[in-house]
1. So what's the projected area for segment 323-371, the Cα convex hull averaged over all directions, in nm²?
2. Put +1 on the Cβ of every Lys and Arg and -1 on every Asp and Glu Cβ in the chain; which of Val506, Asn325, His715 then has its Cα farthest towards the positive end of the dipole?
3. Tell me, what is the FRET efficiency for Gln201 and Lys367 to the nearest 0.05, using R0 = 22 angstrom and their Cβ-Cβ distance as r?
4. State, to one decimal in nm, how far the label point of Val635 lies from the label point of Ile191, with both points 7 Å from Cα in the Cβ direction.
5. Counting pairs of alpha carbon atoms under 8 Å apart in space and at least six apart in sequence, what relative contact order in percent does segment 358-406 give?
6. Mean 1/r over all different Cα pairs, inverted: what Kirkwood radius does segment 682-786 give, in Å?
7. Could you tell me which of rounded, prolate or oblate describes segment 148-194, using a ≥ b ≥ c as the square roots of the eigenvalues of the alpha-carbon gyration tensor, with rounded for a/c under 1.5 and, failing that, prolate when a/b is larger than b/c and oblate otherwise?
8. Scan around Leu108 for amide H atoms under 5 Å from its own, H built in the peptide plane at 1.01 Å from N, and keep only partners 5 or more places away or cross-chain.
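The values are calculated or read from the model by the stated rules, or taken from the named source; none is laboratory data. These numbers were taken from a predicted model, which means no experiment stands behind them. For neighbour counting, all protein chains shown are included, and Cβ atoms are generated from backbone atoms with ideal geometry for every residue, glycine included. When the accessible area is computed, the model is the full protein with side chains, heavy atoms only, and any ligands, DNA or RNA have been set aside. Shrake-Rupley method; radii C 1.70, N 1.55, O 1.52, S 1.80 Å.
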Amino acid sequence: MAEGTGMSKALAGGIGVLTVSSVCGLVLMTVMYKIQIDKFPPVSPPTPTKPVIPTGLPPTLRLPDYLIPESYKVFLQPYFYAAITNNYTNQSFVFTGNSTVRVKCMELSKSIYLHVHDLNVTTVEVTKSDSNEKLVVSGYKIHQNESNFLEIQLKETMSGHGTYYDIFTKFEGELLDNLAGFYASWYTKNIKAEEVEEEDQERFLATSLLKPTDARKVFPCFDEPALKAVFHITVIHRPGTSALSNEIGVPVKTEIDGEEWIVTTFEKTPVMSTYLLAFTVSDFTYISKSSGTNIHIHARTEAIEAGHADYAIQVTENILKYYQNIFGLKYPLKKIDQIALPDISAGALENWGFISYQESGLLYDKKTASSFDQERVATMIAHALAHQWFGNLVTMRWWNDLWLNEGFATYMSYIGVQDAGWDLRDLIVLREIQTAFQVDSLNSSHPLSLQENYIQTSAEIIDLFDDITYRKGAALLRMLATFMTEEAFMKGIKTYLDKFQYNNTVYNDLWNCLQEETKENVEAFMSTWIEQAGYPVITIITQTGETSQEQFLLKQTGGHDIPWQVDIRYIKSTDFAVKNELLRVNGPVRRPHFELKDKDDWLLANVNCTGFFRVNYDEENWNKLLMQLERNHNVIPLINRGQLIDDAFNIARGHRLNVTIALSLTKYLINDTEYIPWESALKNLDHLILMFDRSEVYGPIMKYLRKQITPLYKHFEEYTLNGTIPEKHTEQYNQVNAISVACSSGFPECIEMAKSLFKDYRNGTNDIHPNLRRAIYCSAIASGDEYDWEFAWKEYQRATVTAEKDKLRYALTCTKEIWLLNRYLQYTLDPSKIRKMDLVSTISYIAKNVAGQPLAWDFVRGHWSYITQEYGISLGSLLDAVTKRFSTDVELEELKQLQREQDEDDQALAARALEQVIERTEANIKWVKENKQIVKEWFMGEL
């Protein structure tokens with residue numbers, strides 16, 4: 001049979017062997033599988049679960065991150081009339097509107113959270129963008145707490161994975177006069193008419209101030225700086241008005257419900273943060289200039305026709321071109337509008353493409369304004385234009401890094417104004433560095449960059465708009481630019497702006513860009529400066545070269561011992577070549593090059609005050625520097641003459657130096673006419689006056705000041721009597737110092753000069769140079785009577801140029817008459833007398849007057865609730881001003897009582913400022929007790 005298969009016996013045998021082997025293998029595998037199954041029994045696969053959908057309020061005051069806004073369509077309709085005439089009798093300060101925000105949803109959710117504050121939301125609809133399918137809204141609620149959340153609950157679940165939805169809201173709000181959100185303002189317009197009674201008309205406008213957290217007061221939005229989007233804005237407004245916003249607008253007349261309206265539709269904005277939006281509806285006019293970018297200056301018709309905007313438009317053109325060149329990036333919008341507003345609580349607001357200013361920050365009248373007013377316009381424009389890159393194009397991720405906006409704009413403004421003809425770079429030491437030192441020497445100061453979760457409420461955000469953010473931020477950027485060279489610094493800045501344009505950053509992004517341009521370790525150098533509060537005092541013992549650093553505090557009860565990296569630039573009397581030494585440890589460590597071998601040699605550290613630190617020496621080196629100043633002060637660099645005085649006085653306040661050394665440094669000024677050292681001395685002597693002008697020490701201080709200032713007054717006397725000013729800008733400042741101090745210290749020639757010029761003014765001839773008016777008006781009113789005050793008050797009411805009004809408003813605070821000061825304080829509550837934006841500065845001026853200080857303090861305490869509601873953003877500066885003199889236990893207790901009342905009322909406004917003035921007062925009390933007799937004896941010995 002087999003023969004029939006054709007298979008050999010050998011092949012058949014092989015197959016048999018393979019078959020047996022296979023069967024054995026299968027049996028073995030089966031056995032092994034059974035063993036493994038018994039050892040590791042199988043488990044069922046997990047049952048699929050539904051995704052967890054977030055419920056309940058977010059855990060913090062920050063918006064949840066699963067909704068990302070991409071675009072807004074916003075319609076706003078304010079109902080007010082710009083002018084009330086016989087045709088219009090019903091004025092209405094309300095606005096209505098609607099907004100559609102398109103969002104990308106990244107997670108499954110039934111909840112939507114936006115920001116809303118002080119709005120009545122009447123309609124809420126949610127639609128799926130691609131299908132127009134409406135989602136059922138089960139309810140919505142505005143949370144009346146610090147979150148300002150508009151919570152929208154849906155019956156259906158929004159898809160995640162980047163699905164787009166449109167959130168539509170209708171709302172209505174009030175145009176209040178509180179200088180926040182979308183608010184109402186007014187001014188008087190002079191109308192040339194036959195009827196006399198028609199010559200002055202009250203005009204109304206509406207404008208916005210949305211920074212930092214008030215966009216939510218205008219429309220429901222994602223009001224956080226990192227949640228950038230594009231905006232399509234439409235404003236519907238009355239005939240006779242024009243509307244402005246961030247982009248170019250096209251107005252079209254239309255009829256709505258039988259009434260004529262104008263609909264102005266604006267082009268789409270770039271991707272931007274909500275706080276940079278702006279809207280104004282007014283009857284203003286403008287001038288324009290095209291220079292690649294269309295530049296417009298808007299203001300009251302009278303101001304435009306009088307040429308008060310001409311200077312601003314030229315400065316804007318120059319600085320804008322300059323910034324585009326040094327930043328390496330073109331300004332990205334087609335136009336830039338700038339507007340001079342009669343009421344705005346900030347000096348300027350850098351809204352992208354549409355910057356708002358106080359009138360005195362943008363308008364310049366050649367006839368009545370001083371060169372200081374002109375400089376202010378240039379500086380304000382330089383600051384606001386710098387923001388178009390630093391803040392608008394590249395924005396900090398969260399408010400804890402606000403210094404990336406404000407520190408940069410402050411620093412860059414000193415560079416920008418140079419192209420407009422102002423060399424102010426040295427003045428950064430007086431204006432920013434020395435001012436920041438004061439706040440940063442308190443335990444209650446704060447780091448330049450805080451952790452994000454420390455800053456959540458609007459009050460906490462507003463608190464950051466302080467001297468640390470602006471001034472210390474600028475000072476540290478100047479220090480870093482010196483450390484790595486300005487050329488390398490600006491290259492890194494170009495990289496930073498280019499890399500992060502239209503995005504948000506944290507400060508490490510800046511370090512990374514700067515690091516590309518230097519071999520120095522930027523992050524290591526800067527970390528302590530940014531992350532820790534305070535600054536160091538460097539102590540150098542020149543006999544041994546021993547050098548150490550420690551946090552400088554006026555009240556040494558806290559602080560930290562983390563070392564800064566300190567770039568010490570120094571010169572010696574034997575070698576004026578600037579050298580540097582990097583101190584990385586607390587020390588003490590010996591630095592042989594700081595050791596002085598010869599008894600006549602001296603050492604000067606922190607040349608040109610490029611570092612943000614103070615320097616203390618052994619008493620021997622202080623005395624050698626003092627002798628050098630008296631022998632030939634020009635050997636010491638100009639900035640350092642001011643720095644030595646400022647450091648010595650403040651180190652003495654910090655109980656590290658005998659105050660007599662600081663006082664002795666002012667003696668050489670009898671031979672110096674430069675502004676920086678004089679201004680440094682006067683600021684510090686002014687602190688002594690504040691501490692002692694209610695005691696017997698005041699008389700000797702004034703006599704000494706009178707003796708020291710007389711040569712300076714005589715130096716400028718010819719200019720003053722001729723009604724002229726020196727050519728050099730800093731000399732113009734010092735001419736004003738000479739007059740102010742000579743008159744206030746009782747120098748008879750000065751007082752008679754001021755009274756004589758003011759008398760001529762009363763008789764109809766004002767030949768006082770605009771630079772000198774503030775000082776001379778003040779002196780004349782201080783030594784005058786109620787009739788002088790009444791005359792100045794009438795002149796203030798009559799003046800139409802803000803810069804002149806400001807000089808008179810200040811001078812009115814100089815009277816010694818208590819009843820006039822009390823009346824003036826009451827005027828600040830009446831916006832028809834003192835505009836709301838001037839309330840804080842007017843009270844501060846009154847508090848500077850020794851006769852007015854207790855009145856101002858009582859007034860602020862008595863009207864605290866009113867002021868907190870109306871002026872939250874300025875409370876810190878007001879509190880600082882009215883308590884500068886505080887140096888007694890009674891005053892300290894009054895401050896603590898105010899703090900207790902704040903806590904009881906759960907008020908967070910100005911909490912940090914209140915803590916700071918309490919600490920400052922405690923330091924003042926201790927210092928006065930220890931030094932009063934020493935100070936008195938020193939001044940007595942100099943008479």
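1. On the way: hull surface 19.4 nm².
Reported value for the Cα convex hull: 4.9 nm².
2. Val506
3. The computed FRET efficiency comes out at 0.35.
4. Taking the simple label geometry, Val635 and Ile191 are separated by 7.2 nm.
5. Details: 27 pairs, mean separation 14.1, N = 49.
The normalised contact order for segment 358-406 reaches 29 percent.
6. Result for segment 682-786, one decimal place: 14.3 Å.
7. Cα axes put segment 148-194 in the prolate bin.
8. The answer is Gly160.
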